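A quick write-up on the structure given underneath.
We did not get these values from a lab; they are worked out from the coordinates using the rules stated. Quick caveat, the model's predicted, so the values are computed rather than measured. Note: ideal-geometry Cβ built from the backbone for every residue, glycine included; neighbour counts use all protein chains shown.
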Amino acid sequence: MHNRWITFLMHNGGRGLTMRELRRAYRVESCADPNYVDNKRRCRNQSTAPSKAKAKRAVVKVKPVPVKAVKAPAKPKAHKAPAAQKAHKAPAAQKAPAVQKAHKAPAAQKAQAPEISIERRGHRLIIECDEGNVYDALNASATLSFARAHPFINGDFKVTGRKINMSIKGHTVASGASALPWAQIMCETVSPVIKASPCRVGSTNKVFFKKANDLGDLIAQISRGGVSRGDVTSLFEHLHRILGANYYNDNRDVHVLHFKT
């Protein structure tokens with residue numbers, strides 16, 4: 001470039017051009033020079049003579065191949081979980097076969113009292129039983145019937161071990177005994193309803209029972225509930241303890257049930 005500048009000055013130096021004009025001229029020539037490289041872009045606003053027409057490159061129009069938008073693979077439809085199969089209804093619970101009503105055990109047979117033997121022989125009634133079951137023996141229908149069939153009864157009693165034998169005699173006439181208030185019985189008080197020897201009157205051992213007039217009345221009071229099981233049990237225990245294994249009932253003298261030896 002420097003050499004060109006010098007050459008230009010030598011050819012045109014005598015024309016009286018100022019430095020600015022020289023520069024302009026140079027710039028024009030320079031901008032027109034096809035080999036000028038305008039690094040500083042000085043010639044951008046000046047029209048420059050086109051250099052040799054450059055052969056136009058054949059522009060090959062390439063038809064854009066329409067690219068079909070590839071549809072994203074359709075999301076596989078979530079397989080609907082097969083409708084929850086209706087829970088198979090458990091087969092209706094088979095009704096347990098009706099529980100067979102337990103066969104009612106035959107009504108518990110009333111505990112039979114230990115053996116009681118009652119035998120009627122004309123105007124005599126023979127009873128044999130355990131000492132603890134005298135109440136049941138005297139409350140038996142056979143005993144009650146015998147007592148009602150006679151105006152007056154008395155008897156003999158014998159104890160053997162735990163067994164007691166009663167031989168009761170029936171009389172067709174009343175005893176004719178006289179009344180005796182309980183307070184006038186001058187014997188030892190054993191309980192509120194029993195008095196026993198020793199006594200101030202008489203020489204024999206005696207046991208008196210307040211709740212009955214005689215043996216027939218005792219049986220009648222038991223059937224009506226006037227004399228309890230406890231009363232009868234207590235009476236015969238004291239009879240055995242005080243009078244021993246053999247005693248009797250007479251009741252022809254006073255109208256209070258009593259036993260003697």
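Net length available on complete extension from Thr189 to Lys260 is 23.9 nm, with 0.36 nm assigned per residue and the Cα-Cα distance removed. For Ser178 and Glu237, the FRET efficiency from 1/(1 + (r/R0)^6), where r spans their Cβ atoms and R0 equals 35 Å, is about 0.75.
Using only Cα atoms, what is the ratio of the radius of gyration of region 117-260 to 2.2 N^0.38 Å? Could the numbers behind the result be given before it?
Numbers: Rg = 14.2 Å, N = 144, 2.2 N^0.38 = 14.5 Å.
Cα Rg divided by the expected 2.2 N^0.38 Å: 0.97.
Put in order of Cβ neighbour count within 10 Å, fewest first, the listed residues Ser203, Ser228, Ser175 become Ser203, Ser228, Ser175. Each label point was placed 7 Å from the Cα along the Cα-to-Cβ direction; for Leu144 and Ser203 their separation is 4.3 nm. Extension gain for Glu119-Asn246 works out to 43.7 nm (0.36 nm per residue, less the C-alpha to C-alpha distance).
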